[in-house]
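The values are calculated or read from the model by the stated rules, or taken from the named source; none is laboratory data. Every value quoted in this text rests on a predicted model; they were computed, and no experiment measured them. Heads up, the Cβs are rebuilt from the backbone with ideal geometry, glycines too, and the neighbour counts pull from every protein chain shown. In case anyone asks, the SASA skips ligands and DNA or RNA and just uses the protein heavy atoms, side chains included. Shrake-Rupley method; radii C 1.70, N 1.55, O 1.52, S 1.80 Å.
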Amino acid sequence: MSESYDEIMQLLCDRLSSMTNSSVQVTADTNLISQLSIDSIKLLNLIMEIEDTFDVSIPINALADVQTVRQLADLVQKIKSAS
Amino acid sequence: MNLLEKLDAAAAARKAMLPDGVGAFGIPIEEVYSATEARIGDRRVILLGTNNYLGLTFSPECIRAAHEAIDKEGTGTTGSRMANGSYFGHRALEREFADFYQCQSAIVFTTGYQANLGTISGLVGPGDTVLIDGDSHASIYDGCILSGADIIRFKHNDPADMEKRLRRLGSRIETTLIIAEGIYSMLGDQAPLAEIVRIKNEYGGILLLDEAHSLGVLGETGQGLVEKVGLLREVDFITGTFSKSLCSIGGFCVSNHPQLDQLRYVSHPYIFTASPSPATIASTRAALELLRKGSHLRKQLWDNCTQLYARMQETGYQLGPDPGPVIAAILDTPQQALLMWKSLLEHNIYVNLILPPAAPEGKSLVRCSVNAAHTPEQIKYVGDTFAKLYSTIIS
């Protein structure tokens, strides 16, 4: 994986850890809903933050298939590469 | 987990959040006495949780018009606007809305929800983009999802954030629909329309403004926020509902773009549903006439709003930023909000309880909707009761 992918993954793990304040260790395979209990509003606000960090536009309807941190990182990477 | 077990899990989560709060939602109203009073259980309550902003639900003109329409045209059209459901009244109401907004054309939908669903999904599609305020109503979100367009949110009522996200779209701005609301239903705050229009004019895009809560409330003739700030000509599409100031049910879209008419042929929420009943259309036409001439009603409404907002603010409640017909007390926890809601009901006042995630930023709200028919005595009693409860529940 490229360095930028690692950066994306690290940012997501850091942000999700601080957002959820839970004892769960956030990794690439952590499930956003079943393990972190991230509600839809928090996820949408996180997306806005990611958009600003990487200067990309992430449509919220693209989140329909996202369940894990890795899938979210993949989505960000895909959009970042295309922009 | 099967489909039914998922619903059981959702119900359990809801009950766990508020074990005693289930009754707050969908509360049975046994009898309605007037625009401001009804019976809930054995209590005669002040209605402070309806969207009846001009207090017209019992206006003799609207009731008479509805009666006459039923006598002449029956109880329902039993068909789509596309087929047999466009009577004289439906077309007349469209002409009257176009005239009211000095626009080329108007479309009437069966509900306000469908007005947004049908307009948005008719205007944009896959490959297009919608740029929406983060606190948009569910009908806007659902319309965007139905359209298949890419949905980008900007921070609520933050023009700088909107500008940043619009600029980021680059060449895609050409196929971008920007959406805001005249008054937001949760906190009652108004969109910074002048800034939004400036940004749209600088970068491009098409602007849709939902005047659901501001129709009849803002502007000299009640057009809404567009009239209050003098920007009617700068907004491409205006949607709204009949179920608030117009006291029936239905919705509309008006525009000066001749392409609006094409929505009749592509918009599923317009086509694949029965049209509004003749009585609904007739009472809405009567209400629109009263709304246009209703500067005295708006004055009464605003007298009531400013009085209650000031009283609650003086008491110490945290409120939405703008005084208006929607006055939301922001509380720390769902439990506190539920206790406040129940206590108000025990004092014969009905308001709306709004819990996360329906309220913005995880807040819990006790939301009041003031109307023009509330008497000064009712407003004073409500203000006094909120003051009394503040000391026992908040401080």
- If you scan the range B:375-395, which residues turn out to be at pLDDT below 95 and part of a helix (DSSP H, G or I)? B:Ser391, B:Thr392, B:Ile393, B:Ile394
- Could you tell me whether any residue of the range B:87-100 is within 12 Å of chain A (Cβ to nearest Cβ) and of a type in the set (Asp, Glu)? no
- Message: Show me the helices (runs of 4 or more DSSP H) entirely contained within the range B:104-173 in which 2 or more residues are touching a residue at least 12 places away in the same chain (Cβ under 8 Å), assigned by TED's automatic domain parsing to the domain that holds B:Gly79 and among the β-branched types (Val, Ile, Thr).
- Response: B:112-123
- Query: Which of the residues belonging to the range B:134-166 are facing chain A (nearest Cβ under 10 Å), of a type outside the set (A, V, I, L, M) and either under 16 Å from A:Ile50 (Cβ atoms) or more than 19 Å from the chain's Cα centre (by Cα) (or both)?
  - Reply: B:Gly134, B:Ser147, B:Gly148, B:Asp150, B:Arg153, B:Phe154, B:Lys155, B:Asp161, B:Lys164, B:Arg165
- Query: Taking the range B:43-96, which residues are assigned to a helix (DSSP H, G or I), surrounded by fewer than 22 Cβ atoms within 10 Å (Cβ to Cβ) and under 21 Å from the mean Cα position of the chain (by Cα)?
  - Reply: B:Glu94, B:Glu96
- Query: Checking B:Glu227 against (1) within 14 Å of chain A (Cβ to nearest Cβ); (2) within 22 Å of the chain's Cα centre (by Cα); (3) free of Cβ contacts under 8 Å to residues at least 12 places away in the same chain, which single condition isn't satisfied?
  - Reply: (1)
- Query: If A:Thr20 passes every condition in (1) within 14 Å of chain B (Cβ to nearest Cβ); (2) in contact with a strand residue (DSSP E or B) (Cβ under 6 Å, 6 or more places away or on another chain); (3) open to solvent by less than 50 Å² (accessible area, probe 1.4 Å); (4) not hydrophobic (A, V, I, L, M, F, W, C) but one, which one does it miss?
  - Reply: (2)
- Item | Residues of the range B:316-331 satisfying the condition of being open to solvent by 10 Å² or more (accessible area, probe 1.4 Å) and under 18 Å from B:Gln190 (Cβ atoms) | B:Leu319, B:Pro321, B:Asp322, B:Pro323, B:Ile330
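Confirm whether A:Lys42 is within 21 Å of B:Gly362 (Cα to Cα) and open to solvent by 50 Å² or more (accessible area, probe 1.4 Å).
Yes.
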- Query: Of everything in the range A:45-83 that's farther than 22 Å from A:Thr20 by Cβ, open to solvent by 80 Å² or more (accessible area, probe 1.4 Å) and part of a helix (DSSP H, G or I), which residue is farthest from the other protein chains (Cβ to nearest Cβ)?
  - Reply: A:Ser81
- Note on the structure: Those residues of the range B:170-183 which are farther than 17 Å from B:Ile120 by Cβ and either open to solvent by less than 10 Å² (accessible area, probe 1.4 Å) or in contact with a helix residue (DSSP H, G or I) (Cβ under 9 Å, 6 or more places away or on another chain) (or both) amount to B:Ile173, B:Ile183
- Query: Which condition breaks for B:Arg264 when tested against (1) in contact with a Phe, Trp or Tyr (Cβ under 8 Å, 6 or more places away or on another chain); (2) open to solvent by less than 20 Å² (accessible area, probe 1.4 Å)?
  - Reply: (2)
- Message: What's the number of the only condition in (1) surrounded by 17 or more Cβ atoms within 10 Å (Cβ to Cβ); (2) within 12 Å of chain B (Cβ to nearest Cβ); (3) among the polar types (S, T, N, Q) that A:Gln35 fails to meet?
- Response: (2)
